[in-house]
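Novice: Sharing a structure with you now.
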Amino acid sequence: MLASDLEPALHTLVQALAGPRALPAGGAAGVVAIAMGTALGKKVLAFSPDLPTELRPLAGQLDELLQQLLPEFAADCDAFEALLAAFALDRADGGRSAAIQRAWQTATAAPERVATLAGKVEALLQACSGKCNANLAGDLAAARELVRAGQQIAVANAAENARHLHG
């Protein structure tokens, strides 16, 4: 696949993030960063034929984590959308407060899951440091930075959302 084949997808994502709609937002961007870092880490492993035996299963583990992570993009967007819907309820609605609290719980749980997945990915990538194809050390460093950035976003989002929880 050529870079020019991927460029339209990148433009679509960037336009969605910059666009006038509320979604996707920061949490989804964090998921993208972690997913990109995870995928880049998989590539580093794939191009490291002399990988020590104990590290060979890491590519499969990264793939499993990536498969768990990818649906979190939509989950983050869905959680935020549910929060917006709860706030849009009529203030006279007796269930509005409870709906808002449920939405804050969901909006807190989503980035907490993402942060946990990112921590697992980072641990696997850290285990690769100095043991993969030396020509790809920069790619491995980029992978780790992407994952750490996404994790920081998720942790910050979870903490911000948790501030709104009662009880």
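The values are calculated or read from the model by the stated rules, or taken from the named source; none is laboratory data. Keep in mind the model is a prediction, meaning the values are calculated, not measured. Every residue, glycine among them, receives a Cβ derived from its backbone with ideal geometry; neighbour counts consider all protein chains shown.
Novice: Which condition breaks for ALA109 when tested against (1) touching a residue at least 12 places away in the same chain (Cβ under 8 Å); (2) assigned to a loop (DSSP other than H, G, I, E, B); (3) out of contact with any helix residue (DSSP H, G or I) (no Cβ under 7 Å at 6 or more places or on another chain)?
Specialist: Checking ALA109 against (1) touching a residue at least 12 places away in the same chain (Cβ under 8 Å); (2) assigned to a loop (DSSP other than H, G, I, E, B); (3) out of contact with any helix residue (DSSP H, G or I) (no Cβ under 7 Å at 6 or more places or on another chain), the one that fails is (2).
Novice: Moving to a separate point now. Take the range 51-75 and flag every residue that is among the acidic types (Asp, Glu) and at pLDDT 95 or above. Walk me through it before giving the result.
Specialist: Let us first name the residues in the range 51-75 that are among the acidic types (Asp, Glu), namely 54, 63-64, 72.
Correct list: ASP63, GLU64, GLU72.
Novice: Hey, can you tell me all the residues within the range 7-30 that are closer than 13 Å to ALA75 by Cβ and in a helix (DSSP H, G or I)?
Specialist: GLY27, ALA28, GLY30
Novice: Another question about this same structure. For a quick check of your reading of the model, give me the residue pairs whose first member lies in the range 141-163 and is closer than 30 Å to GLN101 by Cβ, whose second is surrounded by fewer than 23 Cβ atoms within 10 Å (Cβ to Cβ) and of a type in the set (Asp, Glu), with beta-carbon atoms closer than 8 Å and at least 6 apart or on different chains.
Specialist: Hits for this filter: GLN151/GLU122; ALA154/GLU112; ALA158/GLU112.
Novice: I've got another one for you. For ALA33, all conditions in the list (1) modelled with pLDDT under 95; (2) in a helix (DSSP H, G or I); (3) surrounded by 16 or more Cβ atoms within 10 Å (Cβ to Cβ) hold save one; what is the number of the exception?
Specialist: Status for ALA33: all satisfied but (1).
Novice: Do you know which residues across the range 122-148 are of a type in the set (A, V, I, L, M, F, W, C), buried (at least 17 other Cβ atoms within 10 Å of the Cβ) and assigned to a helix (DSSP H, G or I)? Break it down into steps so the answer makes sense when it comes.
Specialist: Of the range 122-148, the ones of a type in the set (A, V, I, L, M, F, W, C) are 123-125, 127-128, 132, 134, 136-137, 140-143, 146-147.
Filter once more, keeping what is buried (at least 17 other Cβ atoms within 10 Å of the Cβ): 124-125, 128, 132, 136, 140, 143, 146-147.
Within the range 122-148, LEU124, LEU125, CYS128, LEU136, LEU140, ALA143, LEU146, VAL147 meet the criteria.
Novice: Further, regarding this structure: Being closer than 16 Å to THR38 by Cβ and in contact with an Asp or Glu (Cβ under 8 Å, 6 or more places away or on another chain) is true for just one of ARG96, ARG144. Which residue is that? Step through it out loud before you land on a result.
Specialist: Numbers: ARG96 fails: closer than 16 Å to THR38 by Cβ.
Exactly one of ARG96, ARG144 is closer than 16 Å to THR38 by Cβ and in contact with an Asp or Glu (Cβ under 8 Å, 6 or more places away or on another chain), namely ARG144.
Novice: Looking at the range 44-73, I want the residues that are more than 18 Å from ALA143 (Cα to Cα) and assigned to a loop (DSSP other than H, G, I, E, B) and have a partner that is at pLDDT below 95 and of a type outside the set (Asp, Glu) with Cβ atoms under 7 Å, at least 6 apart or on another chain. Which pairs are those?
Specialist: What qualifies is PRO52/LYS131.
Novice: Can you confirm whether the range 85-92 contains a residue that is touching a residue at least 12 places away in the same chain (Cβ under 8 Å), in contact with a Ser or Thr (Cβ under 7 Å, 6 or more places away or on another chain) and assigned to a helix (DSSP H, G or I)? Break it down stepwise before answering.
Specialist: Initially, the range 85-92 is screened for residues touching a residue at least 12 places away in the same chain (Cβ under 8 Å), giving 85-87.
With the extra rule that they be in contact with a Ser or Thr (Cβ under 7 Å, 6 or more places away or on another chain), the set shrinks to none.
Looking through the range 85-92, none of the residues is touching a residue at least 12 places away in the same chain (Cβ under 8 Å), in contact with a Ser or Thr (Cβ under 7 Å, 6 or more places away or on another chain) and assigned to a helix (DSSP H, G or I).
Novice: Related question: Restricted to the range 14-31, and to residues that are in contact with a helix residue (DSSP H, G or I) (Cβ under 7 Å, 6 or more places away or on another chain) and among the hydrophobic types (A, V, I, L, M, F, W, C), which residue is nearest to LEU69 (Cα to Cα)? Before the answer, list the steps.
Specialist: Initially, the range 14-31 is screened for residues in contact with a helix residue (DSSP H, G or I) (Cβ under 7 Å, 6 or more places away or on another chain), giving 17, 22-31.
From what is left, the residues that are among the hydrophobic types (A, V, I, L, M, F, W, C) are 17, 22-23, 25, 28-29, 31.
On the way: LEU17: 19, ALA22: 21, LEU23: 18, ALA25: 16, ALA28: 11, ALA29: 12, VAL31: 7 Å.
Here the answer is VAL31.
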